Amino acid sequence: MNSEEKTAEKKSGRIHPLSLLADEAYQAFSEMGFEVALGPELESEWYNFDVLNVAKDHPARDMQDTFWIKGSEGDAHNKKVLRTHTTSVTARATEKGAKEGRMPSAFISIGKVFRNEATDATHEMQFFQIDGSMIGTVEDGVSLANMKAVLTKFYKKMLGENTEIEFRPSFFPFTEPSIEVFAKFKGKWLEMMGGGMTNPAVIRNMGLDPNKVQGFCFGGGLDRIAMVKWGVPDVRLFYQGDLRLNQF
Amino acid sequence: MKISYDWLKSYVPEIPDAEKLGDIITYHLAEVETIEKLENGDSVLDIKILPNRAHDLLSHQGMAREVSSLLNIKYNDPTPVYKVPTSSKTELQAEVQTDKCRRYVARIVRGVTVKPSPDWVVKHLESMGQRSINNIVDATNILMFDCGQPSHVYDLDKVKDSKIFIKTSPGGEKISLLGGVEKELEKDMIAIYDVDGHPICTGIKGGVLAELSDNTKNIILQIDNFDPVAVRKMSLKLGIRTEGGKRFENDLSPELSSYGMLELSALIAEMCPEATFEDIVDVYPVKQVERKLSFSAVRVSQILGLDVSVAQIEDILKRYNIAYTENAGSFEIVVPAMRLDLVMEEDMAEEIGRVMGYDKLDTKLPQVNFIPKQNETYAKISWARNKLLADGYSEVMTYSFADSGEVEVMQSASDKKFLRTNISDGLKQSIKLNQANAPLLGTENIKIFEIGTVFAKGAEEIHVCFGDKKNVTEVSLADFCKDMPSDFSLEPTNYNTETKFTMWPLYPFIARDVAVWVPSEVESSEVAEVIKENAGDMVMRGPELFDEFKKEGKTSYAFRIVFQSYERTLTDIEVNEIMDAVTAKLKEKNWQVR
């Protein structure tokens, strides 16, 4: 390292790898016509669960899995949780957009989410989730094949041009059909995301008519992409405040 | 769900080998997690059956029907093979007093012999990871893994007056369950009672009251079907998870009950040819209604983004034995009783999509008329981040949880139950940590920041917090961005992300400085080279020049070297030895080590 480089390094700080990755992801989706959406981390039960067609007695709503906020009582709009995904954010954005006459629409949201679980190398109580949604009229015909194209382009940008993706059957209450997204990175198929065609119940919950609009949505961990892409061995490293992490 | 390859093959003889079958299942149905080759020659596929198919696929027959339809190969229906002797009139009476029991089918069998099971039963159970108990108990387990129907068998002679009542518990009753666990039933839990009101068994596990013994001669076969939500609640409350309970929770079709009784009877008839069978008692208050479902080839194609022809759909429906009518691309099907997952048009899109294979989807980017706007909050965050980075601050992320605060979570896997009210506390910790690592980071003055959400009662706000060891400042994002130009627009940034991440050693480091007087014509790089060559392979950072000055025709260079091992804690003694070797080499050059 010569002295010039040394001065340059001293001058500017280093970005957190997840911020870098989030910014790259936003850029990739912006190029494909998505709008960035942000929303609250303390979310109502309605947007975190009900809108997304998660059954009242679904285990995801258990206290063992989700952080419920003490003292928040009443109906689903008043009861609060720490959001467990950022699908709540794209759902809010889609609903608001539709009220303003923005249809078709496409939103992408990256943010911190929370799960009440014991931590280990691949599990954290807080991590970053990337969620996207595109919706249009039936005539716009936003389809599952479109989602495959969008995610193929995204993962090529994030993991390299040689990256391939494939869909495998899955199940989520908020999508039908539901698929699991796998990406082939360095010769191995890795599970990256879940998604599918937005369930008509979700479309109805956002105040829209499922006979008139259709679209897709997807979501997955941003930390996961970082771990795959760079070989970060432990998800907890992202939240230690240790600058040795900032290598990029 | 564990699926025995040999068991499956007995129903679908033409299935491909286990590996290939595993791939087909993964791409068209559900993830195959493992394929294990057993010592008995069988292979076991562990399949993560999806929740919307758990009502019909947690069984070998269910999987066999699915695979036969998927691959369009023959399914050997076992029904005609089942032989049950002609039954005689029965004294058995069953009364269902709760709507949480959707169907109750029972019969008396007399003259059985409780004995070891035949080999095929033992092998099947072994493949499921289950131990053989006796022929009668094994028959109920075989039934469940074979067709998915839970069942119970009691000792008839321990059930007073051959009368059975299915109802919910008033609460507070004690029951000894099989395996010796004592539980107390709570209100609304489903149980089976005798005429005196003693619980014989719960909806998810049998009791000892009418437990089979080696001497049991006369038995009651019971096939039931319980409400999924009631079973789940009961299972959680009692802390009992059973294979049977799991199947009820997934909404088993009550239509399966009569088939279950046929198969269970046949299994017992096979193992106890001397037994006599009485008439079946079948209480089925509300019959499952036959459902119809309409969809069109056009809509399915629109949803998938794939042109699916009428002929392709007809082919799939035929393979799946689904009755249908079709008119100009519009279909109406009669939903098979076991396919509770097929409810709306989108379900058919999924069914057709997964059977055809999602690899058939063309990747075509959507063309929609949507004009994205700049997200102002994200613009502010980016502006703030870039400003701080430019000012020499590095970014960290710390935890949103804290020991105290204004917003508390109900339950947490960790001891920190509050949400942070500020970032400063976490940032100070981070400064401390990084300051201790300063030699590793190659700087004396750690400067860091975090942009994140903090939580006050009833409100959350994004804060910007930055500082060093002397001073930490925290303001709201809005305040931090006061000077942001109003026309600021986000520009794409090019990141160099090709670098591979290097994990750091988890053992402590040792930093050493060495200063050398050299003739003024000697470059610092020459000195660094000598240090490097002799400092060994534990050097984590350096030698880094941190001081330089000239005096009387000589130059003084001061270097810092940081030692650290990936495998162990280094000792002062060994680092001293390395430094002594380095010093010796420097002296050999006739340089003066200070």
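The values are calculated or read from the model by the stated rules, or taken from the named source; none is laboratory data. What you are looking at is a predicted structure, and each value in this text was computed from that prediction instead of being measured. As a convention, Cβ positions derive from the backbone with ideal geometry for all residues, glycine included, and neighbour counts pool all protein chains shown. Calculation scope for accessible area: heavy atoms of the full protein, side chains included, ligands and nucleic acids excluded. Shrake-Rupley method; radii C 1.70, N 1.55, O 1.52, S 1.80 Å.
Think of each Lys and Arg Cβ as +1 and each Asp and Glu Cβ as -1; about the Cα centre, that makes the dipole of segment A:149-248 roughly 220 debye.
Other protein chain C-beta atoms within 10 Å of residue C-beta, averaged over B:387-395: 5.
Local charge for A:D120 was computed over the other residues whose Cβ lies under 11 Å away, with Lys and Arg +1 and Asp and Glu -1, and equals -2. Within chain B, the proportion of C-alpha pairs whose separation exceeds 35 Å stands at 63%.
Geometric descriptor of segment B:471-561, per residue, is 272 Å³ (volume of the convex hull of the Cα atoms). Inter-part distance, segment B:319-395 to segment A:206-248, computed on C-alpha centroids, equals 17 Å. A straight line joining the Cα centroids of segment A:44-69 and segment B:404-464 runs 27 Å. Each of A:M32, A:L52, A:G207 was scored by the projection of its Cα onto the charge dipole of chain A, and the greatest displacement toward the positive side belongs to A:M32; charges sit on the C-beta of Lys, Arg, Asp and Glu. Helix B:524-534: angle to the longest alpha-carbon principal axis of chain B, degrees 0 to 90, nearest 10? The answer is roughly 50 degrees. Ranked from largest, the principal axis spans of the Cα set of segment A:142-248 equal 52, 31, 20 Å.
Taken over the protein assembly as shown, the alpha-carbon convex hull comes to 207 cubic angstrom per residue. Pairwise alpha-carbon distances in segment A:9-68 exceed 18 Å for 61% of all pairs.
With K and R counted +1 and D and E -1, the other residues having a Cβ less than 11 Å from that of B:P170 yield a net charge of -1.
Placing +1 on the Cβ of every Lys and Arg and -1 on the Cβ of every Asp and Glu, with no other charges, gives the protein assembly as shown a dipole of roughly 880 debye about its Cα centre.
Alpha-carbon geometry of segment B:3-119: the Rg and the Dmax are 18.7, 52 Å, given in that order. Taking A:R236, A:R204, A:R14 as the candidate residues, the one with maximal mean-square fluctuation in a Gaussian network model of chain A, Cα springs under 10 Å, is A:R14.
Here is the interface size for A with B: some 8200 Å² of accessible area buried, both sides summed, with a 1.4 Å probe.
Counting Lys and Arg as +1 and Asp and Glu as -1 over every other residue whose Cβ lies under 9 Å from the Cβ of A:P177, the net charge comes to -4. Computed from the Cα positions only, the extents of segment B:153-230 along the three principal axes stand at 35, 23, 23 Å, in decreasing order. Per-residue shielding of B:442-452, expressed as the average number of other chain Cβ atoms within 10 Å of the residue Cβ, stands at 2. For the protein assembly as shown, the per residue solvent-accessible surface stands at 43 Å², with DNA, RNA and ligands left out and a 1.4 Å probe.
When B:V137, B:V518 are compared by accessible surface with a 1.4 Å probe, the order from highest to lowest is B:V137, B:V518. Distance between the C-alpha centres of segment B:1-63 and segment B:544-579: 62 Å, rounded to the whole angstrom. Solvent-accessible area assigned to carbon and sulfur over the protein assembly as shown amounts to 49 percent, based on a 1.4 Å probe. Give the residues of segment B:274-292 whose amide nitrogen is closer than 18 Å to a point set 7 Å from the Cα of B:S258 in the direction of its Cβ. Only B:278-291 pass the distance filter.
Shielding value for A:133-146 is 6, the average number of Cβ atoms from other chains within 10 Å of each residue's Cβ. Treating the angle as unsigned and between 0 and 90°, give the value, to the nearest 10°, between the Cα long axis of helix A:144-159 and the longest Cα principal axis of chain A. Rounded to the nearest ten degrees, it is 10.
Dividing the alpha-carbon radius of gyration of segment B:303-451 by the rule-of-thumb value 2.2 N^0.38 Å gives 1.94.
Shown are B:Y75, A:Y239, B:Y399, whose ranking by accessible area with a 1.4 Å probe and every protein chain present, most to least, is B:Y399, B:Y75, A:Y239.
Hydrodynamic analysis of segment B:255-332 uses the Kirkwood radius over alpha carbon pairs. Inserted into Stokes-Einstein at 25 °C and 0.890 mPa s, it gives a translational diffusion coefficient of 149 µm²/s. Residue pairs exceeding 29 angstrom between C-alpha atoms, taken from A:K79/A:K212; A:K112/A:K184; B:K500/B:K550; B:K387/B:K470: A:K79/A:K212; B:K500/B:K550. Its Cα gyration tensor gives chain A an equivalent ellipsoid, and the semi-axes of that ellipsoid, as √(5λ) in whole Å with the largest first, are 31, 23, 17. Seen against the Cα atoms of chain A and their longest principal axis, helix A:17-31 is set at about 50 degrees. Its Cα centre serving as origin, chain A has a Cβ charge dipole (Lys and Arg +1, Asp and Glu -1) of approximately 360 debye. Percent of C-alpha pairs per 10 Å bin in segment B:199-257, short distances first: 20, 47, 26, 6. Stokes-Einstein diffusion for segment B:304-387, with the hydrodynamic radius set to the Kirkwood value over Cα pairs and evaluated at 25 °C in a medium of 0.890 mPa s, equals 148 µm²/s. Phi angles of segment B:227-232 translate, via the Karplus equation with coefficients 6.51, -1.76, 1.60 and θ = phi - 60°, into HN-Hα couplings of 4, x, 5, 4, 5, 4 Hz per residue; Gly and Pro are given as x. Listed cross-link partners B:K83/B:K217; A:K153/B:K74; B:K167/B:K318; B:K160/B:K237; B:K100/B:K183 are compared with a 31 Å cut-off, the Cα-Cα value being larger for A:K153/B:K74; B:K167/B:K318.
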